[in-house]
Amino acid sequence: MFECIRNCSAGLVLAFASTTAMAASEACSPLPGGFQFCPGDSAWAGAEVVPFTNGVAFDLPPYWLEVMEPPAEIAAAPSLDAALDALTELLAQQARNEGLDAPEIVDRGAFSAGALDAVTLTTRIDLPEDEPMVFVTMIAGQGDARLFVTLDDEAEDAADTEQELRRIAALFRLMGE
């Protein structure tokens, strides 16, 4: 996952040279898990949309937002808290597999945005030959539907990144709502 989060971000931008800014006429973008992203007149309406195999990314510097199908361990968890625990273990295992230290857990949180309940995990990851990166991962649910979102910030400010993800959460909706 670290490899994908870090390398997919850079590689996908190059691989999808045909990315375009979200057109104002396109009110919502479909997402994995039966959700959609509806930026309205927020700054995110101007984000570049970068589709990839199991999700979509939105590039709005200094932010990079990835929405993906949740890993099986997270999708199968009986609650959002259990999903967050599964994510913590998954990140630690992937770091070990890549010869890295487990990410530093900066914060865990929970909040609601309309009908969406969410849990967040803020981590700082030390990557070899690169500056540390701050990621805020959100697992959100509405009924049986789950959304898996990661936001990173080039400025590496955990508090600002967490706050931005809370603002963004209000832009996610189940299809058909």
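The values are calculated or read from the model by the stated rules, or taken from the named source; none is laboratory data. Everything numeric in this text was worked out from a predicted model, so none of it was measured. When we count neighbours, we look across all protein chains shown, and the Cβ atoms used for this are built from the backbone with ideal geometry, even at glycine.
Here are a few things to note about the model shown:
- Taking the listed residues Ala15, Ala21, Ala82, Ala10, the one that is closer than 20 Å to Val119 by Cα and either modelled with pLDDT of 95 or more or among the hydrophobic types (A, V, I, L, M, F, W, C) (or both) is Ala82, with no other qualifying.
- Of residues in the stretch 139-172 being closer than 15 Å to Ala115 by Cβ and in contact with a Lys or Arg (Cβ under 9 Å, 6 or more places away or on another chain), the one surrounded by the most Cβ atoms within 10 Å (Cβ to Cβ): Ala140
- Among the numbered conditions (1) in contact with a Pro (Cβ under 8 Å, 6 or more places away or on another chain); (2) under 16 Å from Trp44 (Cβ atoms); (3) among the hydrophobic types (A, V, I, L, M, F, W, C), the only one that Met138 does not meet is (1).
- For the criterion of being touching a residue at least 24 places away in the same chain (Cβ under 8 Å), farther than 17 Å from Glu162 by Cα and either in a loop (DSSP other than H, G, I, E, B) or of a type in the set (Lys, Arg) (or both), Pro51 fails.
- Residue count for the stretch 119-177, restricted to those that are at negative phi and out of contact with any Asp or Glu (no Cβ under 8 Å at 6 or more places or on another chain): 28.
- Residue list for the stretch 83-123, restricted to those being in contact with a helix residue (DSSP H, G or I) (Cβ under 9 Å, 6 or more places away or on another chain), among the hydrophobic types (A, V, I, L, M, F, W, C) and more than 12 Å from Ala140 (Cβ to Cβ): Ala86, Leu87, Leu90, Leu91, Ala95, Leu100, Ala102, Ile105, Val106, Leu121
- For Arg96, the criteria (1) surrounded by 15 or more Cβ atoms within 10 Å (Cβ to Cβ); (2) over 20 Å from Pro62 (Cα atoms); (3) basic (Lys, Arg) hold in every case but one, which is (1).
- Any hit, the stretch 67-80, residues being surrounded by 17 or more Cβ atoms within 10 Å (Cβ to Cβ), touching a residue at least 12 places away in the same chain (Cβ under 8 Å) and in a helix (DSSP H, G or I): yes
- The residue of the stretch 128-152 that is nearest to the chain's Cα centre (by Cα), among those that are at pLDDT 80 or above and not hydrophobic (A, V, I, L, M, F, W, C), is Thr150.
- Restricting the stretch 26-66 to residues that are surrounded by fewer than 16 Cβ atoms within 10 Å (Cβ to Cβ) and among the hydroxyl-bearing types (Ser, Thr, Tyr), the residue that is farthest from the chain's Cα centre (by Cα): Ser42
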